[in-house]
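Q: The structure is given below, and queries will be raised subsequently.
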Amino acid sequence: MSATPHVPVPQDLDQAVPMTLPRLAEKKRLGEPIVMVTAYDYPSAQVAEEARVDLVLVGDSGAMTVLGYPSTVPVSVEEMLMLASAVRRGLKTPLLVGDLPFGSYEASDELAVATAQRFIKEAGCDAVKLERGGTSAERARAIVASGIPVMGHVGLTPQTATALGGYRAQGRTGERALAVADDALALQQAGCFSIVFEAIPASVASLLIERIEVPVIGIGAGPATDGQVLVFHDLLGIYDGHAPRFAKRFADVKAEMVAGVSQYADEVRRGVFPGPEHTYSIAEEELEAFRSEWHMRVS
Ligand code: KIV
């Protein structure tokens, strides 16, 4: 287990100032690293809040980590809205970004705006995220024009992983790196307030970042980006499916959970739990009153 118990957790939550788009841009300008994490429910949102991250993404990775789908593709808008609403209830300070799921924005600007509006209106998100450049940059432009902030996502875009040759790093040839660059610049042109770079060589990210004026959040894109994002279940070790090389584990929570539930099961089976301290009492005379009434009724 690689937990880091000595890292102080900020306590003065009441003093926390909500993250805004100007504050985010200011962080980039000042070179202050931006921290983003995914969350999918009320408790994970509370953890993100207390850990004082800057941005929380209700990622469609939740399709796999909490809903058990084999990929991000099957998750529906309704499922994402339910996850995002729960996160909203647990969050005050970080900016909340909702991931538009596959099939919910690509077909037309109208569809993209309508879906984005649901994330803002029904789930209380502050912004939405979509994947890829190309037509997605057009959708981003339409959503931004409707007054909703958009985060872009380039490099490895899991919604279209099949077309990219699988879950593998992108931009590893000159031509492919240029394609990632074109996508990122198109999303910036479209008005995205931030862009995620996923699984691209650190040296490519570092060259691109010189031309990107909005905060770039990396995942598997090296240290040059303005911030980092990790999937909650990967970083805490809750999910033990395939983990990409960039998914550093900072804790082994699944092992802790299995140990806790196993101990519970063991104590129930051995008659150790519940103990006297887990039960309620009743005054002796009240018990006696109940006992005689009960006996009369059942005899
Ligand atoms: O869905 C997700 O969790 C994401 C992050 C990996 C950026 O898109």
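Q: Considering only residues that are within 16 Å of the ligand (Cβ to nearest atom) and among the hydrophobic types (A, V, I, L, M, F, W, C), look in region 120-149 and name the one that is surrounded by the most Cβ atoms within 10 Å (Cβ to Cβ).
A: A140
Q: What is the number of the single condition among (1) open to solvent by 20 Å² or more (accessible area, probe 1.4 Å); (2) within 15 Å of the ligand (Cβ to nearest atom) that V47 does not meet?
A: That leaves (2) as the condition not met.
Q: Do the conditions hold for G59, that is, is it open to solvent by less than 50 Å² (accessible area, probe 1.4 Å), in contact with a strand residue (DSSP E or B) (Cβ under 6 Å, 6 or more places away or on another chain) and under 25 Å from D240 (Cβ atoms)?
A: yes
Q: In region 150-164, what residues are away from the ligand (no atom under 13 Å from the Cβ) and either buried (at least 23 other Cβ atoms within 10 Å of the Cβ) or at positive phi (or both)?
A: Within region 150-164, V150 is the sole residue that qualifies.
Q: Restricting to region 179-200, and then to whatever is under 16 Å from A224 (Cβ atoms) and among the aliphatic types (A, V, I, L, M), can you tell me which residue is surrounded by the fewest Cβ atoms within 10 Å (Cβ to Cβ)?
A: A181
Q: Pairs, please: C-beta under 6 Å, at least 6 apart or cross-chain, first residue of a type in the set (D, E, K, R) and in region 225-250, second assigned to a loop (DSSP other than H, G, I, E, B) and within 14 Å of the ligand (Cβ to nearest atom)?
A: Filtered contacts from region 225-250: D226/P215; D234/A243; D234/A247.
Q: If we scan region 221-240, do we find a residue that is out of contact with any His (no Cβ under 7 Å at 6 or more places or on another chain), open to solvent by 40 Å² or more (accessible area, probe 1.4 Å), within 12 Å of the ligand (Cβ to nearest atom) and closer than 27 Å to L83 by Cα?
A: yes
Q: Is one or more of the residues making up region 244-255 more than 13 Å from the ligand (Cβ to nearest atom) and open to solvent by less than 30 Å² (accessible area, probe 1.4 Å)?
A: yes
Q: Could you grab me the full set of residues in region 29-44 that are among the acidic types (D, E) and within 16 Å of the ligand (Cβ to nearest atom)?
A: Passing the criteria: only D41.
Q: Between a residue in region 45-70 that is free of Cβ contacts under 8 Å to residues at least 24 places away in the same chain and closer than 20 Å to M151 by Cβ and any residue that is part of a loop (DSSP other than H, G, I, E, B) and open to solvent by less than 20 Å² (accessible area, probe 1.4 Å), which pairs come within a Cβ distance under 8 Å, given they are 6 or more apart or on different chains?
A: none
Q: Turning to a different aspect of this structure: For E26, are the conditions met, namely being within 27 Å of T162 (Cα to Cα), of a type in the set (D, E), part of a helix (DSSP H, G or I) and away from the ligand (no atom under 12 Å from the Cβ)?
A: In short, no.
Q: Further, regarding this structure: Taking the conditions exactly as written (modelled with pLDDT under 95, more than 11 Å from the ligand (Cβ to nearest atom) and open to solvent by 10 Å² or more (accessible area, probe 1.4 Å)), does P74 satisfy them or not?
A: no
Q: Please verify whether region 201-215 includes one or more residues that are within 15 Å of the ligand (Cβ to nearest atom) and open to solvent by 80 Å² or more (accessible area, probe 1.4 Å).
A: no
The values are calculated or read from the model by the stated rules, or taken from the named source; none is laboratory data. Keep in mind that what you see is a predicted model, and the values were worked out from it rather than measured. Cβ coordinates were reconstructed from backbone atoms using ideal geometry, including for glycine residues, and neighbour counts include every protein chain displayed. Just the protein is used for accessible areas: all its heavy atoms, side chains included, with ligands, DNA and RNA removed. Shrake-Rupley method; radii C 1.70, N 1.55, O 1.52, S 1.80 Å.
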